[in-house]
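Take a look at the structure below.
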């Protein structure tokens, strides 16, 4: 029996669903919502990377005024 048909049985209060990643059939309570919005099985589940939650330092504010560098003066 193939894995795609292994979940074709009656379970009251449940339903058959397809994993958005692997395409195999599961019962509704076996899937979980991933951070990207996909409904995936336990083997396809990928947690969000911790680097996504880091906050960066704000950039320094620009100076309120500045003077351009003067042109060089050559003496003969």
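Every read-out reported here was derived from the displayed coordinates using simple, explicitly stated rules and does not represent laboratory data. For clarity, every value in this text was computed on a predicted model and none was experimentally measured. Glycine also receives a Cβ, built like all others from the backbone with ideal geometry; neighbour counts cover every protein chain displayed.
Spin-label model, residue 69 to residue 9: label points 7 Å out along the Cα-to-beta-carbon direction sit 7.9 nm apart. Between residue 56 and residue 43, the distance separating the two model label sites (each 7 Å from Cα on the Cα→Cβ line) works out to 3.9 nm.
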